[in-house]
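Visitor: What follows is a single structure, and I will ask about it in a moment.
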Amino acid sequence: MNIPENLRYSKEHEWVRIEGDEAYIGITDFAQSELGELVYIEIDTVGQTVERDEVFGTVEAVKTTSELFMPVTGEIIEFNPSLDEADGDNPGLINEDPYGDGWIIKVKIADMSHYDELMDAAAYAELIG
């Protein structure tokens, strides 16, 4: 199971990568493998500030739909255009490259302490066993 050391993780299986004053958020390799082939991503919260632990969208796999939970409070400034039905519409990128091209949203973090409270790679590895 791929668990990059440079990311932070939530108990709901989202990851966060900080770049400057913005953060990229996606779902973990573990989460995408549990869900199976992803067929649709819905994010209707771009431009909104979403509180930590609130739902910011959904991922739809062949057999199930799962909610996405915000790991940090912040304003969602971008939905990955490669995943967006209006642009690239390739949700399979999450299955292929969950930590790279398969990022889901870009966020302006409101409170960096939320990032600091997320799990490091070792703690996340322990969570998923």
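The values are calculated or read from the model by the stated rules, or taken from the named source; none is laboratory data. Note that the coordinates shown come from a computational prediction; the quantities given were computed from them, not determined experimentally. Cβ coordinates were reconstructed from backbone atoms using ideal geometry, including for glycine residues, and neighbour counts include every protein chain displayed.
Visitor: Which residue is nearest to E51 (Cα to Cα), if the candidates are limited to the stretch 78-115 and must be charged (D, E, K, R) and in contact (Cβ under 8 Å) with a residue 12 or more places away in the chain?
Guide: Restricting to residues being charged (D, E, K, R) and in contact (Cβ under 8 Å) with a residue 12 or more places away in the chain, the top hit is D111.
Visitor: State which residue is nearest to E34 (Cα to Cα) when the search covers only the stretch 60-84 and only residues that are more than 11 Å from the chain's Cα centre (by Cα), of a type outside the set (S, T, N, Q) and part of a strand (DSSP E or B).
Guide: In this case the residue turns out to be A61.
Visitor: Could you list, in sequence order, the residues of the stretch 85-103 that are more than 14 Å from A31 (Cβ to Cβ) and part of a loop (DSSP other than H, G, I, E, B)?
Guide: Scanning the stretch 85-103 gives E85, A86, D87, G88, D89, N90, G100, D101.
Visitor: Here's another thing I want to ask about it. Taking the stretch 30-80, which residues are crowded, with 18+ Cβ neighbours inside 10 Å, over 16 Å from K11 (Cα atoms) and of a type in the set (F, W, Y)?
Guide: Residue satisfying the conditions is F79 alone.
Visitor: Let me ask something else about it. Test each condition in (1) over 18 Å from Q32 (Cβ atoms); (2) exposed (fewer than 13 other Cβ atoms within 10 Å of the Cβ); (3) at pLDDT 95 or above; (4) not β-branched (V, I, T) for D120 and report the one that comes out false.
Guide: Against the list (1) over 18 Å from Q32 (Cβ atoms); (2) exposed (fewer than 13 other Cβ atoms within 10 Å of the Cβ); (3) at pLDDT 95 or above; (4) not β-branched (V, I, T), D120 comes up short only on (2).
Visitor: Hey, can you tell me all the residues within the stretch 71-89 that are at negative phi and out of contact with any Lys or Arg (no Cβ under 6 Å at 6 or more places or on another chain)?
Guide: Result: P71, I76, F79, N80, P81, S82, L83, D84, E85, A86, D87, G88.
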